[in-house]
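So the structure is just underneath, and the comments pick up after that.
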Amino acid sequence: MQMLRGRSLPRHRVAMSVSPLLLKFVALLSLGALTACGPQGLESPINSPYAAGAENQNVLYTAFTQRSPKFLDPAKSYSTDETPYTYNIYEPLYGYHYLKRPYVLTTRTAAAVSEPSFVDQAGNLLPTDTPAKDIAESIYDIKLRPGILYQPHPVFARQSDGRYSYWPLEAQALKDKFVIGDFKLTGTRELTAFDYVYAIRRLASPRVASPIFSTLAEHVVGMQAYGKRLREIDTALRKDLPPGARDLPWLDLREAGFSGVEALDEHTLRIRVKGLYPQFKYWLAMTFVAPIPWEADRFYSQPGMVQRNLSLNYWPVGTGPYMLAESLQNRRHVLVRNPNFRGEPYPCEGEPQDLAAGLLADCGKRTPFIDKIVFNIEKESIPLQGKFMQGYYDIPQVDRGDAGVAMLVAAGDSAAKATLYAKHGIQLPTTVEAQMQYFGFNWKDPVVGLGDTPEQQARNRKLRQALSIVFNWEEYVAIFQNDQAQVAQGPIPPGILGYQAGVEGINRVVYDVKDGRPVRKSLEQARALLAEAGYPNGRDARTGEPLVLYFDSASGVGGSSPTLDWMRRQFALLGVQFDVRATDYNRFQEKMARGVAQMYMWGWVADYPDAENFLFLLYGPNIKAGKGGENASNYVNPAYDALFEKMRDLPDGAEKEQVIAQMIQILQEDAPWMFGLFPKSGGAFQQWVGNAKPTQMVRNTLQYMKIDPVLRSKKISEWNSPVWWPVGLFGLLLCAIVCPAWRAVRRQDRQTAFGDVAQEGAR
C-alpha cells in the first residue's frame, strides 16, 4: 500500500497544483475585462512611458532626436538644438515680441530699447540726424530693470560669515559631485550691469573661443585689442603648465577690461560702437550677450570641474523663466520653473488673426504657464511619431519647424492620415520664415552676367528676365516643396520690415497683375525677350550655335535627378540647353569664391529681422569673388549700392521702407537672382497645447505656451484604452477546455487512490 501511494499521490499533487493556477489566471483575465469597463483616466494607461499619473501634471513633454545640446554656454551656443534651453534659461537685454509681425524688438532685462547717442572724433555730442560719415561712435546707455534675481544655484551659496560655500573647493570635496544637484546649498543675487560687462568680455577670451567674437570686434570699440590682451594674459597663466592641461588657473575678467563696454552703475550698461550701425541692437537680443555672473565663471574654473562636466556648457546659470534641473547626456533633460523669475506678462497685441486663433486670451497673465519641460531622446522618427499620436508627446520637437510641415504633407497625400489628424485635433499652424532659397546668376560671367558694353548689358538683362519668366517657381514649390513655401517676388521675406504684400510687391518684370493677383508672363513674352537678347529660339543670332548655360550643382548629382530634370525642361521651353556641372559642396564653395560658376542655387537664413540682412547679399563691396563676402552673384550696381548705404543707416520707419522699395525695383529689373521661394515652417501641437505660434526668430517660446493636463489625461486614456474583451474571451475558452479535463483527471486520481486501495485491502 505504501508503494501504491508512492505511485499515485505525486500524480494527484500535480493535478491539484496546476489547476488552481489556471483558475487564478482565468480569474485575472476576467477581472481585467471587467475593469476595462470602469471609469477612464483615473490611472495611466499600461503602455505609458512615464510614471503613473504624469499626464495629469503641468508638464510639457517633447523630444530631441540627435544628441544632447553641446554648448549651453551662451558665449558658444549657436545651434538651433540648443536654443530651447539657452533662450529660456538666459536673458539677453532684448528679445522679440512673441506675436507681432513684422518682428518687433522688445525688452527682456532692459527697461527699454535704447536709442544711441552719437559723438565725433573729439567725443563731442552730435545731433541725432548727423550724417553717418561724421559719426565716430554710437553710444548705447541701457538701463536694466532693478530687482531681477538669478536662479537658485550653488555658485551663490554663502556661509553665515559671508564666505562662499563652494569656493575654494578641495579635490576631496568633489569626489561625490557629478551633477549640479549634488551641491546641496544654493543662493542667489540681483542681476547687475557688471554681469553683462563680464559676459561680453568672455566673448574675447581665448578659453571660450566664441564664434561671434570676430563679428562683434569689428564694431565694438576696443574689443579687438582686448582679445589680443587676453591671449597674452592666458599665455602667461599657462606658462608653467604641461601642454593639454585641463585644470587651468582662473582667468579673472574683472581685472582687465576695455573702454567699449562698461557699467556706469549697478543698473546702467554702456556699449560704444564704431560709427553708425543701427543693426547692432539686434545682437543684443542674442544669448551671446546674456549675463554671466563672475561667481559662475570662478566656480566652474576649479580643479576637477571640467573632468566631471561641471561647466557652463552643461549647467547654466541664468535669470530666465526656467532652469536646468536634470541632464542625462543623450537621454533626458528637464527644465523646471525658476522660482526667482519675476513673471513677465503675456502679450496683449499681435497679428489680426491672433485674436480669432485664441492667442490673446491670456493677455496680461504672468508667464511662464508650464511648471516643467521634459526633453527625451528619440533617435528614430517612427517611434517619435507614434508616441506623439498616442498623446505622450505634446510637441514632437521644440527646436524644429519641419514637424508640422511634414504632417501637412502627409495629410495631403493620405486621406486616412488627414482624418486621423483631424480626429486627434492636432494643430498644424505654419508661418513663412525669415529665410530664402534663390537661383543666382554670376555677374562676372559674359553671358548671364553684367556684360562689357551697354548694348551687351541690355541683352544679358533680357536673357536673365526671359529665364526668370520661364522658370516656374509656383510649379517648383508644388512639386518639390509640397506647397509648403511661398514664391518670392523679391529678396525680403514676410515678417521683415520692407516686405510688400499684395499688388505693390508683385515683380512686374516676371508677372502680370490680374484681379489683384500675380500671373506669370506668357511663354511668348519670354521668347520675345530671348530673341531681343540675341538668342531667337535658343540659338545665337550671329553664329547659329545653340545657347548652352551651365548650372553648378552643389549636391554632387550631375546626371538625372527629379529636380535637375525639371530645371532642364524649364530651360528647354525656350530652346536653351541646361548643362549641369556637378561638384561636392567643398568644390562648389571654391568655385563660388573664385567667381567661375555661371549659375547656381543657394539660400540664406536671417540672423536678425532687418532688411539689411537680406539686401547686403547683393551689395557690391560684399562680393564673394576676391573679397570673401556673401554677395555670391558678385552683383554690382552703383545705384543699388548707394541706396543700400542710405538704407543701412536709417531707423525703422516710412523713409526706410521707401528706400527698400526702390532697391527691390532695381533688383527686379536687373534680375541677378530668380528670387525663388521663402520656406514655411510649421509646428505640430496637441489640442491641449495653448498659445502655440510657430516661429524660428522668437526663441523663448516655451515661456508663453500652456497645456491643459485634464484634457491631455482624458485623451491619452481614450486613445490608449486596452481592448480586453479578446483576452477575456480567450480566458473563458481556455477555462471551457481545461476545466473538464481537470475534473476528469481528478476523477481518475480519486479512483486510483481510493478504489484500488480498497481492493488491495480486501485481498
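The values are calculated or read from the model by the stated rules, or taken from the named source; none is laboratory data. Computed from a prediction, not measured in an experiment: that's the story for all the values here. All Cβ positions, even for glycine, are placed from backbone atoms using ideal geometry, and neighbour counts span all protein chains on display.
Quick notes
- Among the residues of the range 414-449, those that are of a type outside the set (D, E, K, R) and in a loop (DSSP other than H, G, I, E, B) comprise SER414, GLY425, ILE426, LEU428, PRO429, ALA434, ASN442, TRP443, PRO446, VAL447, VAL448, GLY449.
- The residues of the range 304-337 that are surrounded by fewer than 21 Cβ atoms within 10 Å (Cβ to Cβ) and more than 17 Å from PHE178 (Cα to Cα), listed by number, are VAL336, ARG337.
- Across the range 155-179, the qualifying residues are those that are among the charged types (D, E, K, R) and in contact with a helix residue (DSSP H, G or I) (Cβ under 8 Å, 6 or more places away or on another chain), and the one among them that is nearest to ALA296 (Cα to Cα) is LYS177.
- Within the range 277-305, residues that are under 17 Å from VAL221 (Cα atoms) and among the acidic types (Asp, Glu) have Cβ atoms under 9 Å from residues that are at pLDDT below 95 and outside any loop (DSSP other than H, G, I, E, B) in no pair, counting only partners at least 6 apart in sequence or on another chain.
- Filtered by the rule that a residue be modelled with pLDDT of 95 or more, of a type in the set (A, V, I, L, M) and within 22 Å of LYS715 (Cβ to Cβ), the range 364-383 gives ILE370, ILE373, VAL374.
- For beta carbons closer than 8 Å, sequence separation of 6+ or different chains, a first residue in the range 541-560 that is more than 15 Å from ASP584 (Cβ to Cβ) and modelled with pLDDT of 95 or more and a second that is buried (at least 18 other Cβ atoms within 10 Å of the Cβ) and among the hydroxyl-bearing types (Ser, Thr, Tyr), the qualifying pairs are ALA541/TYR535; LEU547/TYR535; PHE551/TYR600.
- Test set (1) crowded, with 16+ Cβ neighbours inside 10 Å; (2) small (Gly, Ala, Ser); (3) more than 19 Å from GLY275 (Cβ to Cβ) - ALA217 fails condition number: (3)
- In the condition set (1) more than 23 Å from the chain's Cα centre (by Cα); (2) aromatic (Phe, Trp, Tyr); (3) not in a loop (DSSP other than H, G, I, E, B), PHE614 is compliant with all but (1).
- Selection within the range 450-477 - without any contact (Cβ under 8 Å) to a residue 60 or more places away in the chain and part of a loop (DSSP other than H, G, I, E, B): GLY451, ASP452, THR453
- Odd one out for GLU504 among (1) under 35 Å from the mean Cα position of the chain (by Cα); (2) under 25 Å from LEU547 (Cβ atoms); (3) loosely packed, with under 13 Cβ neighbours inside 10 Å: (2)
Results for (1) over 11 Å from MET663 (Cβ atoms); (2) crowded, with 20+ Cβ neighbours inside 10 Å; (3) of a type in the set (Val, Ile, Thr); (4) touching a Lys or Arg at 6+ places or on another chain (Cβ under 6 Å), shown as yes or no for each residue.
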site: TRP602; (1), (2), (3), (4): yes, no, no, no
site: ALA606; (1), (2), (3), (4): yes, yes, no, no
site: GLU612; (1), (2), (3), (4): no, yes, no, yes
site: GLU630; (1), (2), (3), (4): yes, no, no, no
site: TYR635; (1), (2), (3), (4): yes, yes, no, no
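- Matching option when the condition is buried (at least 16 other Cβ atoms within 10 Å of the Cβ), assigned by TED's automatic domain parsing to the domain that holds LEU185 and under 30 Å from MET305 (Cα atoms), among ALA136, ALA171, ALA157: ALA157
Per-residue answers, yes or no, for (1) of a type in the set (Phe, Trp, Tyr); (2) more than 28 Å from HIS97 (Cα to Cα):
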position	(1), (2)
TYR300	yes, yes
PRO303	no, yes
TYR314	yes, yes
MET323	no, no
SER327	no, yes
ARG331	no, yes
LEU335	no, no
PHE341	yes, no
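- Residue pairs whose Cβ atoms lie under 9 Å apart, separated by 6 or more positions or on different chains, with the first residue in the range 706-722 and free of Cβ contacts under 8 Å to residues at least 60 places away in the same chain and the second in a loop (DSSP other than H, G, I, E, B) and surrounded by fewer than 17 Cβ atoms within 10 Å (Cβ to Cβ), are ASP708/GLN687; LEU711/GLN687.
- Per the conditions (1) in contact (Cβ under 8 Å) with a residue 12 or more places away in the chain; (2) acidic (Asp, Glu); (3) assigned by TED's automatic domain parsing to the domain that holds MET647, the sole criterion not satisfied by GLU590 is (1).
- Boolean, ASP652 is assigned to a loop (DSSP other than H, G, I, E, B), at pLDDT 95 or above and acidic (Asp, Glu): no
- For the residues TYR103, TYR78, the requirement of being part of a loop (DSSP other than H, G, I, E, B), over 20 Å from PRO211 (Cα atoms), of a type outside the set (A, V, I, L, M) and touching a residue at least 12 places away in the same chain (Cβ under 8 Å) singles out TYR103.
- With respect to the conditions (1) in the same structural domain as LEU191 (by TED's automatic domain parsing); (2) under 24 Å from the mean Cα position of the chain (by Cα); (3) under 30 Å from PRO49 (Cα atoms), PRO291 lacks only one, and its number is (3).
- Residue ID - nearest to PRO154 (Cα to Cα), chosen from residues in the range 338-361 that are surrounded by 15 or more Cβ atoms within 10 Å (Cβ to Cβ) and in contact with a Cys (Cβ under 9 Å, 6 or more places away or on another chain): TYR346
- In the range 309-342, the residues that are at positive phi and more than 24 Å from the chain's Cα centre (by Cα): ASN309
- Among all residues of the range 596-606, there is none that is among the polar types (S, T, N, Q) and not assigned by TED's automatic domain parsing to the domain that holds ARG461.
- The residue that is surrounded by the most Cβ atoms within 10 Å (Cβ to Cβ), among those in the range 439-467 that are closer than 21 Å to ILE623 by Cβ and of a type in the set (Gly, Ala, Ser), is GLY440.
- Only a single item in (1) over 30 Å from ALA110 (Cα atoms); (2) touching a Phe, Trp or Tyr at 6+ places or on another chain (Cβ under 7 Å) is not met by ASP234, and it is number (2).
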